[in-house]
Each structure stands twice: as C-alpha cells, then as structure tokens.
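Quick notes on the structure that follows.
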Amino acid sequence: MQTALYILWILIPLIYFLLALWSRLEQSTQIKKGKKRSQEASDLISQAYFVSGCSLATFLIDKYFIHQVEPFLPSFIPLGFVQIMLLPVVLYIGGLLVGGSKPIRIEKAPRPSESRAKRSGRRR
C-alpha cells in the first residue's frame with residue numbers, strides 16, 4: 001500500500017505539470033479567431049508547484065511522523081486510513097496557509113442599447 005500511495009503522491013503533481021505543458025503548447029500554436037484559449041499555463045504551473053510541495057510534505061510526514069502517531073490511534077482507525085487522508089489534509093492546511101487566489105469579479109455587461117448610445121455620443 002505504501003508504494004501505491006507514493007505513486008499517487010507523485011502522479012497528482014505530474015498531471016498538473018503535464019496540463020501546464022499542454023496549455024503552453026496550445027497557446028503557442030495558431031488559434032483560430034473565436035476559439036477560446038485554454039487556461040493560462042502560469043496558473044497551472046503555480047498550482048503544480050503548490051501540489052508538489054504538499055506532496056513532498058505528505059511524504060516527509062508519512063516517512064518520519066505517522067508511525068509515531070500509531071499507538072495513539074483508536075483501534076477502529078487503521079494506519080492505512082490515516083495515510084490515505086494525509087494528502088487531502090495537507091492540501092487543505094496548505095491552502096489555508098498560502099491563501100486563495102484573487103476573487104473573481106464579474107462586472108455587469110452593458111446592454112446593447114447603452115453601447116450604441118456611447119458610440120454615437122448621446123444618451124437616450
């Protein structure tokens with residue numbers, strides 16, 4: 001089970017790096033007018049670094065601290081469950097420490113009649 005967890009902890013950040021590479025390649029190719037671009041590669045890279053750091057922290061916690069906690073666990077909570085839940089907990093705590101992204105502001109789009117009035121220089 002250890003090997004499967006370690007592979008999972010490596011694959012999750014790797015997927016983010018591959019998505020960032022794909023996004024960078026898609027942006028560098030010719031895009032037809034009207035086609036929406038994919039996510040910004042810089043956003044995906046920063047997310048990949050964050051998830052990589054959390055995966056590394058999860059590995060270090062698992063390697064050096066989890067086995068010291070085992071005697072304190074109740075009998076109905078197996079150590080494997082704690083190891084599986086470790087990455088989501090580290091991601092949550094890391095997200096609280098680092099903070100979220102900037103809030104997305106949705107501005108009200110002008111009505112078509114308002115945009116025509118502005119172009120002609122008069123108001124209705």
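Residue 32: within 15 Å of the chain's Cα centre (by Cα), basic (Lys, Arg), modelled with pLDDT under 75 and over 18 Å from residue 1 (Cβ atoms), yes or no?
no
Look at region 3-27: where a residue is within 13 Å of residue 52 (Cα to Cα) and a partner is part of a helix (DSSP H, G or I) and β-branched (Val, Ile, Thr), sitting 6+ places away or on another chain with Cβ atoms under 6 Å, you get 9/58; 12/51; 13/51; 16/51.
Okay, residues lined up against (1) part of a helix (DSSP H, G or I); (2) not basic (Lys, Arg):
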residue	(1), (2)
42	yes, yes
54	yes, yes
63	yes, no
69	yes, yes
74	no, yes
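Residues of region 70-109 being loosely packed, with under 13 Cβ neighbours inside 10 Å, in contact with a helix residue (DSSP H, G or I) (Cβ under 7 Å, 6 or more places away or on another chain) and without any contact (Cβ under 8 Å) to a residue 40 or more places away in the chain, which ones?
Passing the criteria: only 70.
Only residues that are more than 30 Å from residue 78 (Cβ to Cβ) and in contact with a Gly (Cβ under 8 Å, 6 or more places away or on another chain) were counted in region 1-30, giving 0. Given the structure, is residue 16 over 27 Å from residue 100 (Cβ atoms) and at pLDDT 85 or above? Against the criterion (over 27 Å from residue 100 (Cβ atoms) and at pLDDT 85 or above), residue 16 does not qualify.
The values are calculated or read from the model by the stated rules, or taken from the named source; none is laboratory data. Just so you know, these numbers come straight off a predicted model, no measurement behind them. Cβ coordinates were reconstructed from backbone atoms using ideal geometry, including for glycine residues, and neighbour counts include every protein chain displayed.
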